[in-house]
There are 2 protein chains.
Amino acid sequence: MNDPLSRIRIVLSRTSHPGNIGAAARAMKTMGLSRLYLVSPRHLPEEQATAMASGADDVLAAARVVETLEDALQGTVLAVAMTARRRDLSAPIAWVREAVPEALESAGQGDIAFVFGNETAGLSNQETDLCQRLAMIPANSDYSSLNLAAAVQVACYELRLASLEIGAPPAVHEAGSPASHEEVEGLIGHIEAAAIKSGFLDPAQPKRLIPRVRRLFARAQPEKEEVAILRGMLSALMDTRYWPK
Amino acid sequence: MNDPLSRIRIVLSRTSHPGNIGAAARAMKTMGLSRLYLVSPRHLPEEQATAMASGADDVLAAARVVETLEDALQGTVLAVAMTARRRDLSAPIAWVREAVPEALESAGQGDIAFVFGNETAGLSNQETDLCQRLAMIPANSDYSSLNLAAAVQVACYELRLASLEIGAPPAVHEAGSPASHEEVEGLIGHIEAAAIKSGFLDPAQPKRLIPRVRRLFARAQPEKEEVAILRGMLSALMDTRYWPK
């Protein structure tokens, strides 16, 4: 198994609005998932779904349309029911963040399904009974109604993160080389000289001015080029011969 | 401050589709966020937005509509630009999961903004330059285009999870009060004026000088008193009448 995400089925049961199917397909594709199952959608994917899919039409076109949830779960080794509420007498419930790593581990054994119910009614008890796990997205208890595609986005986001083992952040913000200790000290000395020359700092009564500046640059961890810019500007400011007439 | 989420502004810049504004409002409310800022939306929220808000009309109705991103950032202590791509020469970049806890810690000091760009073009460089952090949602490199409301959903989801973990924000630590967005902008404007006055910066050929300075101070997150020190010194340097003979 190369990519565990290729073992994940996103199952939408009895979806009412084709636009939500399209938006769910898009959400899946952005996170690298592609296997969409539609259980008795009220309308088959059509124009509105394609519009909302917005470039994920391939996911939509490859969707499997089936009659019952049991059909969609054929061949899976684990099914996770996404639910917006706690339920009595059902499978163990977990936050989606906790449910996902376990699910991905099972992906070594076979297909895993994440199952989403109808926009209004959610999943029926018969449907959740077919699933071995229940997962919730932690939501505002006064208003817990995520849009269907938004819930798919969150679940797929967690799946992607868990499958990547994130690792290093995109460190490509080509930071310049950090200035050395001496370079930072040179800058602070330069600032002190400028403060004295301008009359802003009285060397007989220095107060805590330079320590404050030092603390600021300690936090900033300036780069070499930034030190050069600031020192260039200070030199220009301290010598009025450079000033444009 | 009881709930750190009450310090979070979701800022949508130059949004094209009112439906996305409504869907973003819904995404926010499901995660317990309520403060929506709209920067020059192509259409003001209207029927389609309300339909997509679906019960989050209160968030939509309370949205602040402003002209520029700077208006939306007035009074914030940290702004996080959500971006779908790596960028050169800009603020530090992190995955949104990593950026959120730091942002929430700053919420003890004042408002925090998460900024989302236009559906097609994203954020401009001028816009990201106004933000102190960049954050990305890890996406499929072949198809990284999350729907705007889906991106808002993921960011708000991370904010909710992190706020639940954090619980009460840390008591104010011994650091001074952070400078506001306007105060840092005032400092950068002052540096620019000094650089021009001294002949160090040619306004006809500004190059990337001021963006570099901006990035330095974005990293440093200066305190109010530090801004006051630097501006006092710049004023003294720029007016030779203050200079000791």
(message) How much of the DSSP bridge set in the protein assembly as shown is antiparallel, in percent, rounded to the nearest 5?
(response) 10 percent
(request) Exposed loop GluC sites (Glu not before Pro) only (DSSP loop, at most 15 other Cβ atoms within 10 Å): please give the longest stretch of chain B free of them, not including the sites. (result) B:68-173
(request) On the protein heavy atoms, probe 1.4 angstrom, tell me the percent of accessible surface of the protein assembly as shown carried by carbon and sulfur. (result) 50 percent
(request) Could you tell me the total accessible area buried at the B-A interface, probe 1.4 Å, in square angstrom to the nearest hundred? (result) 6100 Å²
(request) Please report the Cα spread of segment B:178-224 along all three principal axes, rounded to whole Å, starting with the longest. (result) 32, 16, 13
(message) I'd like the mean, over residues of A:196-204, of how many other protein chain beta carbons sit within 10 Å of each residue's own Cβ.
(response) 5
(message) At 1.4 Å probe radius, can you tell me the per residue accessible area of the protein assembly as shown in Å²?
(response) 44 Å²
(request) In nm to one decimal, list the spacings between the residue A:221 label point and its equivalents in the other copies, with label points set 7 Å along Cα to Cβ, shortest first. (result) 1.3
(request) Quick one: what are the phi-derived ³J(HN,Hα) couplings along segment A:101-117, Karplus 6.51/-1.76/1.60 with θ = phi - 60°, whole Hz, x for glycine and proline? (result) x, 4, 4, 5, 5, 5, 5, x, 9, x, 6, 10, 10, 10, 10, 10, x
(message) If N is the number of residues in segment A:41-127, what value comes out of its Cα radius of gyration divided by 2.2 N^0.38 Å?
(response) 1.23
(request) Report, by chain and number, residues whose modeled amide H sits under 5 Å from the one on residue B:65, excluding near sequence neighbours (fewer than 5 apart, same chain). (result) B:38
(message) Could you tell me the extents of chain B's C-alpha atoms along the three principal axes, largest first, rounded to whole Å?
(response) 70, 43, 34
(request) Can you tell me the 0 to 90 degree angle between the C-alpha axis of helix B:181-197 and the longest principal axis of chain B, rounded to 10? (result) 40 degrees
(request) Check cross-link reach from residue A:224 to the aspartates and glutamates: straight Cα distance under 15 Å, and skip same-chain residues fewer than eight apart. (result) A:174, A:182, A:183, A:185
(message) Counting only other chains, and only Cβ atoms inside 10 Å, what mean value do you get across the residues of A:148-161?
(response) 5
(request) Treating the angle as unsigned and between 0 and 90°, give the value, to the nearest 10°, between the Cα long axis of helix A:18-30 and the longest Cα principal axis of chain A. (result) 50 degrees
(message) Just to be sure I understand the curve: with the Debye formula and one point per C-alpha of segment A:1-71, what is log10 I(q)/I(0) at q = 0.16 Å⁻¹?
(response) -0.48
(request) Treating the Cα atoms of the protein assembly as shown as identical point scatterers in vacuum, please give the log10 of the normalised Debye intensity I(q)/I(0) at q = 0.12, 0.14 Å⁻¹, two decimals. (result) -1.02, -1.28
(request) Check the straight Cα-Cα distances from residue A:245 and name the lysines below 20 Å, setting aside those fewer than 8 residues away within the same chain. (result) B:197
(request) Indicate the gyration tensor shape class of segment B:122-245 (rounded, prolate or oblate), computed on the Cα atoms with a ≥ b ≥ c the square roots of the eigenvalues: a/c under 1.5 is rounded; otherwise a/b larger than b/c is prolate and the rest oblate. (result) oblate
(request) Throw me the Rg/Rh for segment A:94-167, computed over C-alpha atoms with Kirkwood Rh, two decimals. (result) 0.97
(message) With θ taken as phi - 60° and the coefficients 6.51, -1.76 and 1.60, list the Karplus ³J(HN,Hα) couplings across segment B:208-224 in order, rounded to whole Hz; mark glycine and proline as x.
(response) 9, 5, 5, x, 5, 5, 4, 5, 4, 6, 5, 5, 6, 6, x, 8, 3
(request) Please give every one of the aspartates and glutamates within straight-line cross-link reach of residue B:29, meaning a C-alpha to C-alpha distance under 13 Å, and leave out same-chain neighbours fewer than 8 residues apart. (result) A:142, B:57, B:58
(request) Report, as an integer, the average count of C-beta atoms from other chains found within 10 Å of each Cβ along A:229-242. (result) 5
(request) Would you calculate a helix-derived [θ] at 222 nm for the protein assembly as shown, using -39,500 (n - 2.57) for each DSSP H run of n ≥ 4 and dividing by the full residue count, to the nearest 500? (result) -13500 deg cm²/dmol
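The values are calculated or read from the model by the stated rules, or taken from the named source; none is laboratory data. The model shown is predicted, which means the values in this text are computed figures rather than measured ones. With ideal geometry, Cβ positions are generated from the backbone for all residues, glycine too; neighbour counts draw on all protein chains shown. Just so you know, the surface numbers come from the protein's heavy atoms only, side chains and all, with ligands and any DNA or RNA stripped out. Shrake-Rupley method; radii C 1.70, N 1.55, O 1.52, S 1.80 Å.
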